[in-house]
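K.L.:
One structure coming up, written as structure tokens, with questions to follow.
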Amino acid sequence: MLILAVNPGSTSTKMAVYEDEKPLVLRSISHSNEDLAHFDDVIEQLDYRKKLVLDELERVGVPLAFDAVIGRGGLVKPIAGGVYEINQKMLDDTYSGIAMHNHACNLGCLIAHDIASQIRGCRSFIADPGVVDELNDYARISGSPLMNRICIWHALNQRAIARRFAQEIGKKYEDLNLIICHLGGGISVAAHEHGRAVDANNALDGEGPFSPERAGSLPAADLIRLCFSGKYTEKQLLKRIAGKAGLNAHLGTANVMEIETRINEYGDTHAELILNAMVYHVAKNIAGLGAVLCGKVDAILLTGGLARSEYVISRLRKRIDWVAPVYCFPGEDELEALALNALDVLRGQRSAQEYD
């Protein structure tokens, strides 16, 4: 089976060609601010990014002869985890704005569908998008009936790492209780109970620890007062929640390696305080999910780009290794996860679900 996987991000479009489980092509196509500046909306980038993928396939000599094209899922309505065949309803919801956020992941299903439609007999899928919602009912309740808790998290990578860990220890993901933390520009923390993510934060714009680019949970009354202060527009304040927030707001950069250099080589005590504070809040959120699993935690898994930072990981371990054994899986397995999800469906080992 020949599979094309496409993962659009804010500054890059990652793509891979797999023949069954074997990667034939792995590419990350970078997009500068100048490249994207003339697009008013992410959806307007569709033709631009799709052409870059097609041009790269032509450059490396891979013909359009795929059995499936699978894209990173967008921020459509909350759905259960799994693989979904892209249908007109999903496309309509993505174009109509039900996707809630102007985020590059919304391009995943659009690119996958457009490319697959050029190939006879080719199917198009998404898998485990960030809106996967398997929360316990009581996990949805907040202190105000005006708003329920929602989760937007790194479902695809967390699930891929969970299955990889389970395979390594000779068990099934569905037999384990895990706390998984994805450390990236946004930080998501989820409690996985026997194959279901029964609690997870809204890592995109409103809950959990602050991160390199996200503000995380904020004092509610202070936020309301700020909204009515007249100092900021709605758009400016939303940027202070996601984008110009977290480490970026405090230190002028979201690059943790740069911050570590400021600490280690220049003795920047303020940078040290802020980075250590982020680690502190991540650890607090991880430990808190131990209560969700009633203390029965088989392992804590740390993943994402920041999992490459010894500074961050060593300090996290000191605060959380009493909860359960800690294992580190630096980086992301999202392209592989996409390809293997599609392969399972093509082989009849799993069924694709219908988005409705």
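The values are calculated or read from the model by the stated rules, or taken from the named source; none is laboratory data. Predicted model only: the values in this text are computed from it and were never measured. Backbone-built Cβ (ideal geometry, glycine too); neighbour counts: all protein chains shown. Just the protein is used for accessible areas: all its heavy atoms, side chains included, with ligands, DNA and RNA removed. Shrake-Rupley method; radii C 1.70, N 1.55, O 1.52, S 1.80 Å.
K.L.:
Return yes or no: is Glu260 in contact with a Ser or Thr (Cβ under 9 Å, 6 or more places away or on another chain) and modelled with pLDDT under 95?
P.N.:
no
K.L.:
Are any residues in the stretch 230-253 open to solvent by less than 30 Å² (accessible area, probe 1.4 Å) and in a loop (DSSP other than H, G, I, E, B), and if so, which ones?
P.N.:
Residues satisfying the conditions are Gly243, Ala245, Thr253.
K.L.:
Here's a check for you: in the stretch 128-171, which residue that is polar (S, T, N, Q) and open to solvent by 90 Å² or more (accessible area, probe 1.4 Å) is nearest to Ala203 (Cα to Cα)?
P.N.:
By that ranking, first place goes to Asn148.
K.L.:
Would you mind listing the helices (runs of 4 or more DSSP H) fully within the stretch 1-118 where at least 3 residues are open to solvent by 60 Å² or more (accessible area, probe 1.4 Å)?
P.N.:
Per the criteria, 46-59, 88-96.
K.L.:
What are the pairs with Cβ atoms under 7 angstrom where one residue, in the stretch 137-160, is more than 25 Å from Asn177 (Cβ to Cβ) and the other, located anywhere, is modelled with pLDDT of 95 or more and aliphatic (A, V, I, L, M)? Sequence gap at least six, or different chains.
P.N.:
none
K.L.:
Which one of the conditions (1) open to solvent by less than 30 Å² (accessible area, probe 1.4 Å); (2) outside any strand (DSSP E or B); (3) within 29 Å of Gly143 (Cβ to Cβ); (4) out of contact with any His (no Cβ under 8 Å at 6 or more places or on another chain) does Leu275 fail to meet, given that it meets all the rest?
P.N.:
Tallying (1) open to solvent by less than 30 Å² (accessible area, probe 1.4 Å); (2) outside any strand (DSSP E or B); (3) within 29 Å of Gly143 (Cβ to Cβ); (4) out of contact with any His (no Cβ under 8 Å at 6 or more places or on another chain), Leu275 fails exactly one: (3).
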